[in-house]
1. Just one of ILE177, ILE138 is part of a helix (DSSP H, G or I), in the same structural domain as SER251 (by TED's automatic domain parsing), among the β-branched types (Val, Ile, Thr) and modelled with pLDDT under 95; which is it?
2. Just to verify a result, which residue in segment 84-120, among those that are of a type in the set (A, V, I, L, M, F, W, C) and touching a Pro at 6+ places or on another chain (Cβ under 7 Å), is modelled with the lowest pLDDT?
3. Among the residues of segment 116-123, is there at least one that is crowded, with 21+ Cβ neighbours inside 10 Å and either part of a loop (DSSP other than H, G, I, E, B) or touching a strand residue (DSSP E or B) at 6+ places or on another chain (Cβ under 6 Å) (or both)?
4. Any idea which of LYS201, LYS233 is over 23 Å from VAL20 (Cα atoms) and of a type in the set (Lys, Arg)?
5. Against the condition surrounded by fewer than 21 Cβ atoms within 10 Å (Cβ to Cβ) and not assigned by TED's automatic domain parsing to the domain that holds LYS224, how does LEU373 come out, does it pass?
6. Exactly one condition in (1) without any contact (Cβ under 8 Å) to a residue 60 or more places away in the chain; (2) under 28 Å from ASN259 (Cα atoms); (3) of a type in the set (Asp, Glu) is not met by GLU304; state its number.
7. Can you name the number of the only condition in (1) among the polar types (S, T, N, Q); (2) touching an Asp or Glu at 6+ places or on another chain (Cβ under 9 Å); (3) under 30 Å from ILE319 (Cβ atoms) that ASN192 fails?
8. Scan segment 237-255 residue by residue and report those that are in contact with a helix residue (DSSP H, G or I) (Cβ under 6 Å, 6 or more places away or on another chain) and either within 22 Å of THR174 (Cα to Cα) or assigned to a strand (DSSP E or B) (or both).
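The values are calculated or read from the model by the stated rules, or taken from the named source; none is laboratory data. The shown structure was predicted, so the numbers you read here are calculated from the model rather than taken from an experiment. Here Cβ is always computed from backbone atoms with ideal geometry, including for glycine, and neighbour counts include all displayed protein chains.
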Amino acid sequence: MKLNGISLPHKKGTENSETVELPCPESVIISMSQHMGAPCTPLVKVGDEVKVGQKIGDYDAFMSCPVHSSVSGKVTAIGELLLANGKTCKTVEVACDGEQTVSEEVKPPVIKDKQSFVEAVRESGCCGMGGAGFPTHIKLNYDESKGRIDSLIVNAAECEPYITSDYREMMENTDMIIGGVKYIMDILKIDNAYIGIEDNKPRAIKLLGEKTANESNINIIKLKSSYPQGAEKVIAFSATGRIIEEGHLPSDHGMIVINVSTVAFIYNYVLTGMPFVSRRLTIDGDAVGKPCNVRAPIGTRLSELLKFAEADIDNAREIISGGPMMGMSVYDIDTPLTKTNNAFLCFKSSPDDKEKVQTNCIRCGRCIKACPLGLMPAALERAYDSGDRETLNKLKINLCMNCGSCSYVCPAKRDLAEKNQLAKGFAMSR
């Protein structure tokens with residue numbers, strides 16, 4: 001079986017840009033919605049003094065994990081932030097004192113078994129760093145009655161154009177990645193690990209191959225550079241040949257899939273106890289004077305990041321959070337950095353600057369060939385336009401991962417990916 005996909009220009013212009021530390025900003029705005037799932041409730045109030053690593057937000061919902069202060073200083077406001085989905089969440093604004101004093105709460109967790117490991121990962125505030133932001137402790141807390149986990153899949157594909165933050169993790173933090181892989185395998189009794197890296201990253205493949213030369217159960221998998229190779233179901237199949245069936249999780253098929261930067265973070269937390277308070281991200285695009293990879297405190301305003309990278313904000317046509325395929329346009333220049341932001345792209349021009357002329361579907365089938373899950377985007381568009389919920393569900397609209405491949409290859413310039421997302425919401429509503 002061969003999965004579909006498309007070829008994209010890589011545009012990895014920052015692959016050799018070593019990570020630089022952003023100077024501590026004057027203040028940060030820390031969102032209480034940092035991951036997929038329920039937002040947290042602030043645990044602090046205006047006037048409180050906070051330190052780096054101190055828990056400032058939490059919620060006891062199943063799909064939630066805590067938020068920690070990324071700086072030391074004083075809480076100046078409890079505000080609200082408008083999210084991309086139209087909802088709002090609470091924020092905690094902290095005026096930084098410049099000292100970056102570490103909280104007394106920060107200490108290595110005591111881990112004895114799987115359950116204490118899961119609890120520790122939750123307390124770290126860890127969520128997937130590849131973009132989706134799924135709380136990691138939920139992945140690790142799999143149902144053992146459904147079968148044993150025998151494979152750890154480390155997602156190091158980084159298939160979107162421009163983004164190189166995971167690549168720099170592999171080049172700069174290799175030992176922590178390998179340490180994290182071995183630790184997770186040991187604590188969860190997993191037999192084999194597969195680190196999947198696209199073949200457009202030969203230096204990373206070589207480096208990790210050398211580091212694991214004596215580790216017979218850690219396999220470096222050279223993946224074809226094909227978008228969306230980094231999607232969970234795609235990389236699981238590419239690494240093991242196993243198909244994650246509809247309605248199933250990787251754990252239902254003996255696998256856990258974790259982003260490469262997430263693995264390194266977990267190991268660092270085990271060693272130091274420092275929770276998720278900063279992250280590496282790529283800043284690039286033709287409106288950016290100095291494209292770079294930068295590590296910044298969670299809550300740093302986008303305007304600060306773009307200023308650091310010498311972006312021409314006044315003449316920017318579009319700013320994207322994430323990659324050009326699955327990223328979202330940013331509506332506010334002061335949007336705060338969250339745990340799920342792996343890139344900000346700033347453009348003043350685009351290949352699509354000419355007016356896009358949409359024409360009728362010519363039934364060429366390119367969208368079907370491009371879809372990694374074998375869906376029929378043109379048929380889904382017709383069903384949505386006619387308000388046909390039954391057909392949308394028959395055609396499995398719920399499986400769409402919003403990779404954008406269908407829109408990218410469509411010669412008629414149809415907004416297929418956009419329609420699919422509208423159709424998913426429509427099909428589930430009654």
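1. ILE138
2. Among residues in segment 84-120 that are of a type in the set (A, V, I, L, M, F, W, C) and touching a Pro at 6+ places or on another chain (Cβ under 7 Å), the one modelled with the lowest pLDDT is CYS89.
3. No, because not a single residue in segment 116-123 is crowded, with 21+ Cβ neighbours inside 10 Å and either part of a loop (DSSP other than H, G, I, E, B) or touching a strand residue (DSSP E or B) at 6+ places or on another chain (Cβ under 6 Å) (or both).
4. One residue alone meets the criteria, LYS233.
5. Yes: the conditions hold for LEU373.
6. (1)
7. (3)
8. Answer for segment 237-255, where residues must be in contact with a helix residue (DSSP H, G or I) (Cβ under 6 Å, 6 or more places away or on another chain) and either within 22 Å of THR174 (Cα to Cα) or assigned to a strand (DSSP E or B) (or both): just MET255.
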